[in-house]
Each structure stands twice: as C-alpha cells, then as structure tokens.
C-alpha cells in the first residue's frame, strides 16, 4: 500500500497515476499467485479474490491520492486519510498507545 501511494503521488497526472498503480498491482498480484500455483503448489482462491478486488479498486484510489500532494483543505484531508490507513496497518494500538504483544516486536 505504501508503494502504491508513492507511485501515485509521484506520477505526472491523476490518470497516469491510476494506470501506474494498476499496472503495479497487476504485476505484483499476478506474479505472486503464479508463483504460489506453479512453485509452491497451492491455490488460495478466497484470498486471491480479495487481492484481485483490491487491484480493480486501486486505480480509483490512486486517482484520488494523486491530489494529496496539493495544497488546501482537500489535499490535507486526503493526506490525513492516507496517513491514518498506513499507520493503522503498521502499528497495533492498545491501552498504552503502542501495544507490544511479543518481545520480538520490542527488539525490532
């Protein structure tokens, strides 16, 4: 998701942003599931459908996130939504702000 946002924001136009992010997800998802079927020998159909749906939605989200590099209240709103989603994926929020559930999380 972080790489898709970076690709989107640094594209030259919103349409090019949508195309670049879509091609990134097609390449990533396609190569991963080709590897799982041909090399690893399993086919996670239900999990694959989630990523295919995300790949289809990604151009619309990239189109919107391209505007996050602008100025004004709309750009700040889009930037804050992106920040919330990425930070929510990166951290586990608990009683003491960052909840360390395993000693390895503390060491790394």
note = Given (1) touching a helix residue (DSSP H, G or I) at 6+ places or on another chain (Cβ under 9 Å); (2) modelled with pLDDT under 95; (3) part of a helix (DSSP H, G or I), residue 21 misses just (2)
ask   = residue 91 is checked against (1) modelled with pLDDT under 65; (2) surrounded by 10 or more Cβ atoms within 10 Å (Cβ to Cβ) and fails just one. What number does that condition carry?
value = (1)
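In region 69-82, which residues are in a helix (DSSP H, G or I) and modelled with pLDDT under 90?
First, the residues of region 69-82 that are in a helix (DSSP H, G or I): 69, 73-82.
Residue satisfying the conditions is 69 alone.
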request  = Could you identify the single residue in 34, 38, 16, 3 that is loosely packed, with under 13 Cβ neighbours inside 10 Å, in contact with a helix residue (DSSP H, G or I) (Cβ under 9 Å, 6 or more places away or on another chain) and part of a helix (DSSP H, G or I)?
outcome  = 3
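The values are calculated or read from the model by the stated rules, or taken from the named source; none is laboratory data. Predicted model only: the values in this text are computed from it and were never measured. Positions of Cβ are backbone-derived with ideal geometry, glycine not excepted, and every protein chain shown enters the neighbour counts.
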